[in-house]
Amino acid sequence: GSIRLLYVSTVKKYKHQWNLIDAVGLLRKEGISVELHLVGGGDSQALEIMRNAIHRNKSGKNFIFYHGGLPYEQTLEWYNKADIFVFPSTCENLPVILLEAMTAALPIASSDRGPMPEVLKDAGLYFNPESVTSVKNCLRYMIENPDLLKSVVAKAIQDSQAYNWKKCADETFAFLSTVYEKNKT
């Protein structure tokens with residue numbers, strides 16, 4: 001069947017859904033059987049740009065699916081169904097979605113901007129999110145090198161566990177401090 005690409009993110013200008021859509025359109029033209037699943041709500045202006053991109057890449061068979069905002073459980077189901085996670089955002093503080101994809105053991109193609117390389121390190125492959133060609137070439141390379149993906153995923157799982165431990169510690173600390181504040185009065 002088709003290779004399933006997944007991008008979970010709000011639809012905003014700096015999230016570059018349309019560049020990913022155009023890149024997937026090019027992959028299809030090059031004969032690669034691939035489909036794209038987009039999850040996340042967004043602002044009307046960005047949604048309009050995205051819908052135009054979907055429209056201009058339409059061919060006989062639908063291969064771009066926009067699911068809108070989904071509850072967390074359903075989003076997790078998509079992490080399980082996907083083959084490759086794509087993250088073309090250019091502006092994040094701590095990309096939690098990236099950590100989720102790492103934890104879900106998905107091969108990740110990511111934007112080379114901001115904190116993404118620091119979070120993902122060598123557990124993913126990178127592209128310039130503002131270049132459709134760059135996105136396409138990165139995805140094509142991943143699709144054509146399944147063995148490479150296995151090693152990348154192993155690294156991602158390892159690295160995400162370190163983050164999960166830290167996140168857990170931070171949440172525990174935050175919880176304890178709220179309890180402390182409540183009992184202080």
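For Asn93, the test of being of a type in the set (S, T, N, Q), in a helix (DSSP H, G or I) and surrounded by fewer than 19 Cβ atoms within 10 Å (Cβ to Cβ) is failed.
Scanning region 114-150 for residues that are part of a strand (DSSP E or B), open to solvent by 30 Å² or more (accessible area, probe 1.4 Å) and aromatic (Phe, Trp, Tyr) yields a single hit, Tyr126. Which ones in region 96-113 are in contact (Cβ under 8 Å) with a residue 40 or more places away in the chain, out of contact with any helix residue (DSSP H, G or I) (no Cβ under 7 Å at 6 or more places or on another chain) and open to solvent by 10 Å² or more (accessible area, probe 1.4 Å)? Within region 96-113, Ile97 is the sole residue that qualifies. So for region 58-79 (the condition being open to solvent by less than 10 Å² (accessible area, probe 1.4 Å), in a loop (DSSP other than H, G, I, E, B) and in contact with a strand residue (DSSP E or B) (Cβ under 6 Å, 6 or more places away or on another chain)), does at least one residue qualify? Yes - at least one qualifying residue is present in region 58-79. The single condition among (1) touching a Leu at 6+ places or on another chain (Cβ under 7 Å); (2) modelled with pLDDT of 95 or more that Ile54 does not satisfy is (1). Is at least one residue of region 83-90 surrounded by fewer than 19 Cβ atoms within 10 Å (Cβ to Cβ) and not in a loop (DSSP other than H, G, I, E, B)? Taking every residue of region 83-90 in turn, none turns out to be surrounded by fewer than 19 Cβ atoms within 10 Å (Cβ to Cβ) and not in a loop (DSSP other than H, G, I, E, B).
Do we find that Lys155 is open to solvent by 40 Å² or more (accessible area, probe 1.4 Å), at pLDDT 75 or above and more than 18 Å from Phe87 (Cα to Cα) in this structure? In short, no.
The values are calculated or read from the model by the stated rules, or taken from the named source; none is laboratory data. Source: prediction; values computed, not measured. In this analysis, Cβ positions are derived from the backbone assuming ideal geometry, glycine residues included, and neighbour counts consider all displayed protein chains. Calculation scope for accessible area: heavy atoms of the full protein, side chains included, ligands and nucleic acids excluded. Shrake-Rupley method; radii C 1.70, N 1.55, O 1.52, S 1.80 Å.
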